[in-house]
């Protein structure tokens, strides 16, 4: 029953999270019951009983880590909010500083725990500083938690940073790279743009298609034109009311089939775009989708 609740996404997140936190409790209770029963029977000395004890030990250890919030504790560090910028259409950008470098690559994300909320939330890293001690995150108000950040976050507050996680590999050989960002999906590409700006690792021509559902979204980031120029990336903007289709991408790519596409945005948009690209001979393996979809 607990597993089924976790799989049904229509169940509200707060209910899912509460039930998810019960998993280790139920596991430990079950393990305790099994061990006490084994002590009272001949099963304790049987091969099956010994095997059951052995396979239960890792689960008990994992349950303990979960109950005491120690999962991935080696990947956690404390950072300080050093800057907060506000943009139209409910976008907030925060800059963090940590004494311990976060060895991340462009396209990765971290879980952030703010002072007003004990629960960690995932956000894509929207920067690439060479010292790896500064991190920038662009957060769009899409739910209760993100809506509250504008009111509660202050410069100087501590933030627990866990990560980095995820893997979006831009170092793939092809005749051309095409990046498609849907709204706040621009964040992993900002990180890669900053990386390219300070390095000589551009492998081929790159097109960035920035698609938004509302015109105000185009105001973030304010330096996107300069950043693309410095990184050697061609920027295309698709404003509200316009629709990016596969034919537009292929026209700019000279109809080459040796094109790799990186996508970060709504799932429906990804499905539609991939379907169109496949008609031009672009395989699904050449479509790299940042499936940033969590409960």
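The values are calculated or read from the model by the stated rules, or taken from the named source; none is laboratory data. This structure is a prediction, so every number in the text was calculated from the model and none was measured. Note that we place each Cβ from the backbone using ideal geometry, even for glycine, and neighbour counts take in every protein chain shown.
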**OP:** Return yes when residue 138 is assigned by the TED database to the domain that holds residue 94, surrounded by 17 or more Cβ atoms within 10 Å (Cβ to Cβ) and touching a helix residue (DSSP H, G or I) at 6+ places or on another chain (Cβ under 7 Å) and no when it is not.
**Re:** yes
**OP:** Answer yes or no as to whether residue 193 is in contact with a helix residue (DSSP H, G or I) (Cβ under 6 Å, 6 or more places away or on another chain), closer than 18 Å to residue 231 by Cα and touching a residue at least 12 places away in the same chain (Cβ under 8 Å).
**Re:** yes
Original post:
If you go through region 265-291, how many residues are in contact with a strand residue (DSSP E or B) (Cβ under 7 Å, 6 or more places away or on another chain) and not in a strand (DSSP E or B)?
Top reply: 10
**OP:** State all residues of region 186-204 that are under 18 Å from residue 288 (Cα atoms) and at pLDDT 95 or above; if no residue qualifies, say none.
**Re:** 186, 187, 188, 189, 190, 191, 192, 193
**OP:** Say whether the condition of being assigned to a helix (DSSP H, G or I), surrounded by 11 or more Cβ atoms within 10 Å (Cβ to Cβ) and modelled with pLDDT under 65 is met by at least one residue in region 7-14.
**Re:** yes
Subject >> Given (1) modelled with pLDDT of 95 or more; (2) under 15 Å from residue 209 (Cα atoms), number of the condition residue 239 does not satisfy >> reply: (1)
Original post:
Does residue 212 satisfy the condition of being in contact with a helix residue (DSSP H, G or I) (Cβ under 9 Å, 6 or more places away or on another chain), without any contact (Cβ under 8 Å) to a residue 60 or more places away in the chain and under 20 Å from residue 140 (Cα atoms)?
Top reply: yes
Original post:
If we scan region 212-223, do we find a residue that is crowded, with 18+ Cβ neighbours inside 10 Å, modelled with pLDDT of 95 or more and touching a strand residue (DSSP E or B) at 6+ places or on another chain (Cβ under 7 Å)?
Top reply: no
Original post:
If residue 266 satisfies every condition in (1) under 21 Å from residue 191 (Cα atoms); (2) touching a residue at least 40 places away in the same chain (Cβ under 8 Å); (3) over 25 Å from the mean Cα position of the chain (by Cα) but one, which is the exception?
Top reply: (3)
**OP:** Answer yes if at least one residue in region 178-194 is more than 17 Å from residue 262 (Cβ to Cβ) and surrounded by fewer than 22 Cβ atoms within 10 Å (Cβ to Cβ), and no otherwise.
**Re:** no
Original post:
In region 154-168, what residues are surrounded by fewer than 16 Cβ atoms within 10 Å (Cβ to Cβ) and modelled with pLDDT under 90?
Top reply: 167
